[in-house]
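Report on one structure; see the data block that follows.
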C-alpha cells in the first residue's frame, strides 16, 4: 500500500526574532541531512527524533553528537534507560566512533537514573517541584560543561513519570528555552508505534519543539527500508521529501525515496 501521509502537527507560535537576524546553523555532520535542512539545524533548536523500534533514532542522535565533538562542540548524551557503558560499547562498532573524544570529555555520557538517585527522585511519578529540580539540574550540567549539543534518549521514558499533559508541555517548553539560552542544540528521542498517528507519547510534545525528524520502517518486496522525513523545522526552508537511510559503519547515509514507490506495509 502507499506510505501514509504523516499526521498533522499542532504548532506553537515561533520564537520572535529580528527580521535582520541570520540564523546560525548547527551542522549535523550527517551525510545528506545537512543538505535537506538547508545547511543544518538552526542553532539552539529543540528537535524531536520520532520513530518506532529499530528505525535508527539513537544511532542518528549519537552520530549528531559525535560529529559535533569532532568539530570542537562539547556534546552530552543523557540516557534514561540504557546504561552509558553499553551505549559506548555499541557505538564503538562504528568506524566513525572515536574513543578519544569520550576520554578527553568532548563527548559525555550521563545516566539519568544516577541523577534521579542523587536528587532523591525515586517515586513512580515526578511532581511539578521535582520536575523543576530535574530541569535545573540538567541546565546546570549543560552550563558547567559548556555543552553545545544535547540528546535526551528518550523523552518518552521520562514522560512515563509525568502525570499530566500540562506538566509535559511545561517541561519540554522550559527545557527548550534553557538549552536555547545556553546556545545548545538538542535532540529529544520520541518512541512511537507505526499506527500511533502522532509523533510523541501524549501528542503535546510535538507542538512545543522547533523541529521533527520522523523515522519509520517501510517494507517493499519483502525487504525492510528505513525511511527519514523532516516533518517541520522552524527557521529552515527544508525538504519535505522522504529518504531511505542506511546505518553503515561509516555513519548514516541517505538516498531519495523513489516517488511513486509502493510499500507492502508500514512497520
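The values are calculated or read from the model by the stated rules, or taken from the named source; none is laboratory data. None of these values were measured; they are calculated from a predicted model. No Cβ is skipped: glycine too gets one built from the backbone with ideal geometry, and neighbour counts run over all protein chains shown.
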(request) Taking residue 207 as the residue in question, decide whether it is at pLDDT below 95 and either surrounded by fewer than 21 Cβ atoms within 10 Å (Cβ to Cβ) or part of a loop (DSSP other than H, G, I, E, B) (or both). (result) yes
Checked the range 44-73 for anything surrounded by fewer than 18 Cβ atoms within 10 Å (Cβ to Cβ), over 14 Å from the mean Cα position of the chain (by Cα) and assigned to a loop (DSSP other than H, G, I, E, B); matches are 53, 54, 71, 72
Is at least one residue of the range 158-167 under 28 Å from residue 90 (Cα atoms), free of Cβ contacts under 8 Å to residues at least 60 places away in the same chain and touching a strand residue (DSSP E or B) at 6+ places or on another chain (Cβ under 7 Å)?
yes
Those residues of the range 108-132 which are closer than 24 Å to residue 184 by Cα, buried (at least 16 other Cβ atoms within 10 Å of the Cβ) and more than 21 Å from the chain's Cα centre (by Cα) amount to 116, 130
Only unsatisfied item for residue 94, checking (1) in a loop (DSSP other than H, G, I, E, B); (2) under 22 Å from the mean Cα position of the chain (by Cα); (3) modelled with pLDDT of 95 or more; (4) surrounded by 13 or more Cβ atoms within 10 Å (Cβ to Cβ), is (3)
Among 260, 235, the single one that is at pLDDT below 90, over 30 Å from residue 130 (Cβ atoms) and outside any strand (DSSP E or B) is 260
Within the range 239-251, residues buried (at least 18 other Cβ atoms within 10 Å of the Cβ) and either at positive phi or touching a helix residue (DSSP H, G or I) at 6+ places or on another chain (Cβ under 6 Å) (or both) come out as 251
